[in-house]
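S.K.: Pasting a structure here, questions to come.
The values are calculated or read from the model by the stated rules, or taken from the named source; none is laboratory data. As the structure is a prediction and not an experimental result, all values here were calculated from the model. Ideal geometry is used to build each Cβ from the backbone, glycine not excepted, and the neighbour counts take in all protein chains shown. Side chains included, ligands, DNA and RNA excluded: accessible areas come from the protein's heavy atoms. Shrake-Rupley method; radii C 1.70, N 1.55, O 1.52, S 1.80 Å.
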Amino acid sequence: MSDAKELINREYKYGFVTDVESDAIPRGLNEETIRLISARKKEPAFMLEWRLSAYRTWLRMKEPAWQNVQYPPINYQDMIYYSAPKNKKDAPKSLEEVDKEILDTYAKLGIPLDEQKRLAGVAVDAVFDSVSVGTTFKDTLKKAGVIFCSFSEAVQEHPDLIQKYLGSVVPVSDNFFAALNAAVFSDGSFCYIPKGVRCPMELSTYFRINAADTGQFERTLLVADEDSTVSYLEGCTAPIRDKNQLHAAVVELVALKGAKIKYSTVQNWYAGDKQGKGGIYNFVTKRGKCAGAKSKISWTQVETGSAITWKYPSVILQGDDTIGEFYSVALTHNYQQADTGTKMIHIGKNTRSTIISKGISAGRGKNTYRGLVKVLKNAEKAQNYTQCDSLLIGDQCAANTFPTLEVENNTARVEHEASTSKISEDQLFYCASRGISGENAVSMIVNGFCKEVFNHLPMEFAVEASKLLSVSLEGSVG
Amino acid sequence: MLEIKNLHAGIEDKKILKGFNLTVKAGEIHAIMGPNGSGKSTLSRVLAGHPAYQVTAGEVSYQGKDLLEMSAETRAQEGVFMAFQYPTEIPGVSNAYFLRAAVNAVRARRGEPEMDAVEFLDVLKRKMKLVEMDPAFASRPVNAGFSGGEKKRNEILQMAVLEPKLAILDETDSGLDIDALRVVAHGVNQLRSPERAMIVVTHYQRLLDYIVPDYVHVLLDGKIVKSGGKELALELEAKGYDWIRPVGSKV
């Protein structure tokens, strides 16, 4: 096969390690660790207090075990909770001061931070291990009144906004991993769109885990003030390492009256090798609150990486006439496991939600959709439409669907559709007899299967996602 | 163009083709007729490279190359086309997208540049007219929800678009009413050319009223027992297959 070599090289092209000196704190977790992280970041007292309360909450919590994934126990004392690339100066004040090695890393990942080379219309906050190393297009955004910066910077510059909204959607006690994140999170992105502003460009955060044995705990907080609009993208990669690494992030979205937030994720963390060795444990809490009337939050996710993906981007439909959407593609190949879905909590009147979930399992992959649609007593005329489709490739993979409906108002209308299909030998032969190879046939069928979700991604992301699926499925036939 | 010598093939442990011989030259149309279970569909699938069938002996040379050495997709890229008796449904993938992928796979093999979507749609529209197909079918998923006749017509459309050198029509007439049969046959006849050979596999003579073959072969128990011109088909229609069966053979 002439392209065999190319296929091998294409396997996981983001698996390289950047050689930078890092400034890490000792392994282990206790109050001292948290004080150390907070001190490193020169945080105000309210942040330290918040972290400590989260830590104490976490100590009383038990790691959940209801999910349909298996992994050996995580030793939380054997992990490094803070790692930052060492910089000669205190902190890079502008992109020009960022370590060349790191700039090169992002260029290699296809995310040049040099604004000259950036695609117009996308501002990027780059998070490298535990810290944000740079945000592009800050000035353009500032003119529009948009605040887009690293979380650390926001804590210094906009403490009032942080204090008001931090933990307002995902409280510290929400779940085990959210509490852990609140205690030790090191950085992330913060974004505030003022009243009536349509954000002039797409915003994005690019997460990169580089250092070994570290956990990555970032937090994203996005606040869209009344009648504002924003589209946010998130991408993730990590080097190939044979030990599992924990990524426990929290994302909080707040949409005030009439605001619209579109949040898209293409998750491509290292998935482990063909035998299931290594890979990222992606245990993430993502939630948005449609706090004001007529606001809208839309989640789109394409999850192709990670050894284990475990997340439920959700929407609390608090205001009247609010809209929540969840479009998801989750792919598991080799020994990957995914337990993902969403929660739509209808509180306000005339609230509407749509859930489209596409699960693809290949190899020995395990894919679970888990969802909750809850209509509370006062949610007059709430509507939900849910569609869960599973596609199987081969006969050693698994797909499960666990939808839950809790309806307390009898004017609500909820619909649920589900399907399971398999790429058959007949389909592959049919394609082959028209000159289309097995790999291309699978990729074509899978992309067709995901079309409804890809249509909701911003253009360039859709192209990237479609390529990513093909690469992730290599070796799934024949 | 195609030379099949002493071909033995089967599926699992079942021997189906038992010493099949056939020579097809460019421009010719050969009809293979035979009763159920004689090996007609096996022949089509073996020539197209279906992975479930094993060839145990014999050789097949196609344009001077060993056809049996090639994978199914290579055969297709080299100009072999089989119209399926039961075309497969591919939900989610549009007919136009599927066919463009097929055309570009063939072009890549020949070292030609890819055809872009706009250019391809032009070609597709022209070919759809040829088989009298509603242009709306271009954007419908491949064969999904098509009627039997629409599926067969879609096969001929694919053939028209791919312009194969060797086309094998596997029981293309089965399940078609007379109007659909006429349309399909018309499409096939449009594609007759001195450079193209066709093997028409059928149970009934009916199709051969519309697609007139140069040669007719009778397949019984895995090999050709009688060959002749187009009159042979009429004779079979009148007398059935029994008169050809060698004395003492199993029915």
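S.K.: Report the equivalent ellipsoid semi-axes for the protein assembly as shown in whole Å, largest first, defined as the square roots of five times the eigenvalues of the gyration tensor built from alpha carbon atoms.
M.R.: 60, 26, 23
S.K.: Output wanted: per-residue J couplings in Hz (rounded whole) for region A:155-168, from phi through Karplus 6.51 cos²θ - 1.76 cosθ + 1.60, θ = phi - 60°, x for Gly and Pro.
M.R.: Result, ordered by residue: 4, 6, 8, 10, x, 5, 5, 4, 4, 6, 10, 4, x, 7 Hz.
S.K.: If you count only protein heavy atoms and use a 1.4 Å probe, how large is the accessible surface of A:W58, to the nearest 10 Å²?
M.R.: About 20 Å², rounded to the nearest 10.
S.K.: Now, a different point. Over both sides of the B-A contact, add up the buried accessible area with a 1.4 Å probe and give it to the nearest 100 Å².
M.R.: By this definition, chains B and A bury close to 1800 Å².
S.K.: Classify region B:126-212 as rounded, prolate or oblate, taking a ≥ b ≥ c as the square roots of the eigenvalues of its Cα gyration tensor: rounded when a/c is under 1.5, otherwise prolate if a/b is larger than b/c and oblate if not.
M.R.: It is oblate, given that a/c is not under 1.5 and a/b is not larger than b/c.
S.K.: If R₀ is 25 angstrom, what is the calculated FRET efficiency for the pair A:E31 and A:S168, using the beta carbon separation as r and rounding to 0.05?
M.R.: With a Förster radius of 25 Å, E is 0.50.
S.K.: Please compute the net charge surrounding A:D389, taking Lys and Arg as +1 and Asp and Glu as -1 over other residues with Cβ under 13 Å from its Cβ.
M.R.: Taking every Cβ under 13 Å from that of A:D389, the sum is +1.
S.K.: Turning to a different aspect of this structure: Is chain B rounded, prolate or oblate when judged by the Cα gyration tensor, a ≥ b ≥ c being the square roots of its eigenvalues, rounded requiring a/c under 1.5 and prolate requiring a/b larger than b/c? Walk me through the intermediate numbers first.
M.R.: Numbers: a/c = 1.86, a/b = 1.44, b/c = 1.30.
In terms of gyration-tensor shape, prolate.
S.K.: If the limit is 27 Å between Cα atoms, which of A:K422/B:K65; B:K40/B:K239; B:K125/B:K151; B:K40/B:K151; A:K262/A:K451; B:K152/B:K239 go over it?
M.R.: Too far apart for the 27 Å limit: A:K422/B:K65; B:K152/B:K239.
S.K.: Would you pull out the residues with amide H under 5 Å of A:A412's amide H, same chain only if 5 or more places away, H placed 1.01 Å from N?
M.R.: When sequence neighbours closer than 5 places are left aside, the close amide H contacts are A:K381, A:A382.
S.K.: Can you sort B:Y204, A:Y206 by 1.4 Å-probe accessible area, starting with the largest?
M.R.: On the way: B:Y204 130, A:Y206 25 Å².
Greatest to least solvent exposure: B:Y204, A:Y206.
S.K.: Collect residues whose amide H, placed 1.01 Å from N in the peptide plane, falls under 5 Å from the amide H of A:R370; neighbours closer than 5 in sequence don't count.
M.R.: Amide H to amide H, under 5 Å and 5 or more residues apart or across chains, A:R370 pairs with A:T340, A:G341, A:T342, A:F402.
S.K.: For region B:21-153, give the magnitude of the charge dipole about the Cα centre (Cβ charges: +1 Lys/Arg, -1 Asp/Glu; no others), in debye to the nearest 20.
M.R.: With Lys and Arg at +1 and Asp and Glu at -1, about 300 debye.
S.K.: Within straight cross-link reach of A:K243, meaning Cα distance under 22 Å, which lysines are found once same-chain residues fewer than 8 apart are removed?
M.R.: Correct list for A:K243: A:K13, A:K274, A:K277, A:K311, A:K366.
S.K.: Contour minus end-to-end for A:H158 and A:K377, with contour as 0.36 nm per residue of separation and end-to-end as the Cα-Cα distance?
M.R.: That works out to 75.1 nm of additional length.
S.K.: Another question, then. Can you tell which of A:L457, A:T401, A:S361 lies farthest toward the positive end of the dipole of region A:357-464, using +1 and -1 charges on the Cβ of basic and acidic side chains (Lys, Arg; Asp, Glu)?
M.R.: Farthest towards the positive pole: A:T401.
S.K.: Could you please report the charge total around B:G222, scoring K, R as +1 and D, E as -1 over all other residues with beta-carbon less than 11 angstrom from its beta-carbon?
M.R.: Neighbour charge sum, excluding B:G222 itself: +4.
S.K.: How large is the charge dipole for region B:2-244, taken about the Cα centre, if only the Cβ atoms of Lys, Arg (+1) and Asp, Glu (-1) carry charge, to the nearest 20 debye? Please list the in-between numbers first.
M.R.: Details: 30 positive and 33 negative charges, 35 e Å.
I would put it at about 160 debye.
S.K.: Starting from the residue with the highest accessible area, list A:T411, A:T57 in decreasing order, probe 1.4 Å.
M.R.: Result of the area sort, largest leading: A:T411, A:T57.
S.K.: Computed FRET efficiency, Cβ-Cβ of A:K467 and B:D179, R0 60 Å: what is it to the nearest 0.05?
M.R.: Working from the Cβ atoms, E equals 0.85.
S.K.: Additional query: Where the only charges are on Cβ atoms (+1 Lys, Arg; -1 Asp, Glu), what is the dipole of region B:92-176 about its Cα centre, to the nearest 20 debye? Walk me through the numbers on the way to the answer.
M.R.: Numbers: 13 positive and 13 negative charges, 23 e Å.
Dipole size: approximately 120 debye.
S.K.: Within the accessible area of the protein assembly as shown, what % is carbon and sulfur when the probe is 1.4 Å and the other protein chains stay in place?
M.R.: The C+S portion of the solvent-accessible surface of the protein assembly as shown is 50 percent.
S.K.: Of B:H203, A:L180, B:P213, which is farthest along the charge dipole of the protein assembly as shown in the positive direction, counting Lys and Arg as +1 and Asp and Glu as -1 at C-beta?
M.R.: Looking along the dipole axis, the top candidate is A:L180.
S.K.: Could you work out Rg/(2.2 N^0.38 Å) for region A:24-87, with Rg from alpha carbons only?
M.R.: Computed over Cα atoms of region A:24-87, the ratio equals 1.33.
S.K.: Say R0 is 22 Å: what FRET efficiency, to the nearest 0.05, do A:T354 and A:F402 get from their beta-carbon distance?
M.R.: My answer for the efficiency is 0.75.
S.K.: In addition: In terms of Cα to Cα distance under 22 Å, which lysines are near enough to A:K41, apart from those fewer than 8 places away along the same chain?
M.R.: A:K86, A:K88, A:K89, A:K93, A:K138, A:K164
S.K.: Just to make sure I understand: if all protein chains stay in place, what is the order of A:H333, B:H50 by accessible area at 1.4 Å, largest first?
M.R.: Highest to lowest solvent-accessible surface, that is B:H50, A:H333.
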